[in-house]
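Trainee: Quick one: the structure is below, questions incoming.
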């Protein structure tokens, strides 16, 4: 196993000076951790931007005015094993991605992860490493946020169980990765229509459950199209119990693949199109057929940046997984007492009730 984090090596050709545009102060130390040894100039809207240097943006943020064509753009975003807590709560991440081509949830154009998956030479050693990493993640029951406490058991009877994870409908992943169905309620209705005899379980997005983000259009009627709405169950329990998972672009579909589940994609998430999912909206650009461990090698080893919790260094995926397991054990799956106070003030500012 290499001691050099793969994504850190991938970004090594970036120049020594980077312009970081529009980031809030709380994210700035994390940006520094992503680019060790480089000089970072933090710029806000209306401030002069040094010429020629690559510009670092968050997600699909618009380019600042005056940026000439051909400037290198690096887009940062949450990774796939993020934290023991919600990003909406400003919980410090353990994983971000840095993408110099696009961003993983924007299927309208290529991204670094798509290029990696299309061209990665996965030798026996890397395939074995990916298999070990996947087994450890599944064994430890890790997901993106690692929240939820209530255990959930599969209902009795012979009906197939289908899990439908909800998403935040205002998120960029819906705008840029779901060209057909775009709402949770329409997804639920489509799954019910196609599977009238299944036991349908709907799990709202944890940011919506925490009232940090608004529910989707018509999402309050979810119970009319499913057998059970599960709010606070631990996602790995649901994934383990389900026979199949239907998603728009939710990362829960990727987490289901890690556990060997059948996944149907009604959108175009980064893990669709490689022969491992049932794709209702195929993406012609993705032609290569991958094994599950080849997918894991590209998406969990080669693509993300893993950040130590002490803020000092980049980590290998394996080291990050162990730190995340330890972090989750420290929280015991419960949120600190002051979290709801913080959420109260964030809701007031954002106008979410």
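Trainee: So, in Å, what gap is there between the alpha-carbon centers of segment 294-313 and segment 150-225?
Mentor: Centre-to-centre (Cα) distance: 29 Å.
Trainee: Would you mind getting me the FRET efficiency between residue 291 and residue 172? Use the beta-carbon distance for r and R0 = 45 Å, nearest 0.05.
Mentor: 0.95
Trainee: I've got another one for you. More than 13 angstrom separation, counting every C-alpha pair in segment 12-55; what % is that?
Mentor: Percentage above 13 Å: 52.
Trainee: Send over the per residue convex hull volume for segment 105-215, Cα only, as a whole number of Å³.
Mentor: 168 Å³
Trainee: Can you give the helix-only mean residue ellipticity at 222 nm for the chain, where every DSSP H stretch with n ≥ 4 adds -39500 (n - 2.57) and the sum goes over all residues, rounded to the nearest 500 deg cm²/dmol? All intermediate terms of the calculation are to be shown ahead of the outcome.
Mentor: Numbers: 12 runs with 105 residues, N = 353.
Using -39500 (n - 2.57) per qualifying helix, the result is -8500 deg cm²/dmol.
Trainee: Using 0.36 nm times the number of residues separating residue 154 and residue 71, minus their current alpha carbon distance, what extension gain do you get?
Mentor: Roughly 24.7 nm would be gained on extension.
Trainee: Considering only the chain, what is the antiparallel percent among its DSSP beta bridges, to the nearest 5?
Mentor: Rounded to the nearest five, the antiparallel share is 25 percent.
Trainee: Which log10 I(q)/I(0) values does segment 66-162 give at q = 0.21 Å⁻¹ under the Debye formula, counting every alpha carbon as one identical point scatterer?
Mentor: Here log10 of I(q) over I(0) equals -1.20.
Trainee: Taking Cα atoms, how many degrees apart are the long axis of helix 184-194 and the longest axis of the chain, rounded to 10 and kept between 0 and 90?
Mentor: Around 50 degrees separate the two axes.
Trainee: A further question follows. Per the Kirkwood definition applied to all pairs of different Cα atoms, how many angstroms is the hydrodynamic radius of segment 180-246?
Mentor: Final number for the Kirkwood radius of segment 180-246 is 12.6 Å.
Trainee: Using just the alpha carbons, could you tell me how many Å³ per residue the convex hull of segment 193-282 encloses?
Mentor: 111 Å³
Trainee: Report the far tail of the P(r) of segment 36-76, meaning the percent of Cα-Cα pairs longer than 16 Å.
Mentor: Numbers: 268 of 820 pairs.
Here the long-distance tail beyond 16 Å is 33 percent of all Cα pairs in segment 36-76.
Trainee: Counting every Cα pair in the chain, what percent are over 38 Å apart? The partial results should precede the final answer.
Mentor: On the way: 8627 of 62128 pairs.
Cα-Cα pairs in the chain separated by more than 38 Å: 14 percent.
Trainee: Can I ask one more? If you average over every viewing direction, what projected area does the convex hull of the Cα atoms of segment 148-207 give, in nm²?
Mentor: Working: hull surface 20.0 nm².
Averaging across all directions leaves 5.0 nm² for the Cα convex hull.
Trainee: Want the number for residue 243 to residue 318: 0.36 nm per residue separation, take away the alpha-carbon distance, what's left?
Mentor: Separation in residues times 0.36 nm, less the Cα-Cα distance, equals 24.2 nm.
Trainee: May I pose another question? Kirkwood Rh, segment 168-327, all Cα pairs: how many Å? Walk me through the numbers on the way to the answer.
Mentor: Details: mean 1/r = 0.0583 Å⁻¹.
Taking every pair of different Cα atoms in segment 168-327, averaging 1/r and inverting gives 17.1 Å.
Trainee: Now, a different point. Compute the acute angle (0 to 90°) between the alpha-carbon long axis of helix 317-331 and the principal axis of greatest extent of the alpha-carbon atoms of the chain; round to the nearest 10°.
Mentor: 60 degrees
Trainee: Just to confirm the number: angle between the C-alpha axis of helix 339-350 and the first principal axis of the chain, 0 to 90 degrees, nearest 10?
Mentor: With both axes taken from Cα atoms, the answer is about 80 degrees.
All of the numbers you see were taken from the coordinates with simple rules; none came from a lab. In this text the structure is predicted, and so the values were computed from the model without any measurement. Positions of Cβ are backbone-derived with ideal geometry, glycine not excepted, and every protein chain shown enters the neighbour counts.
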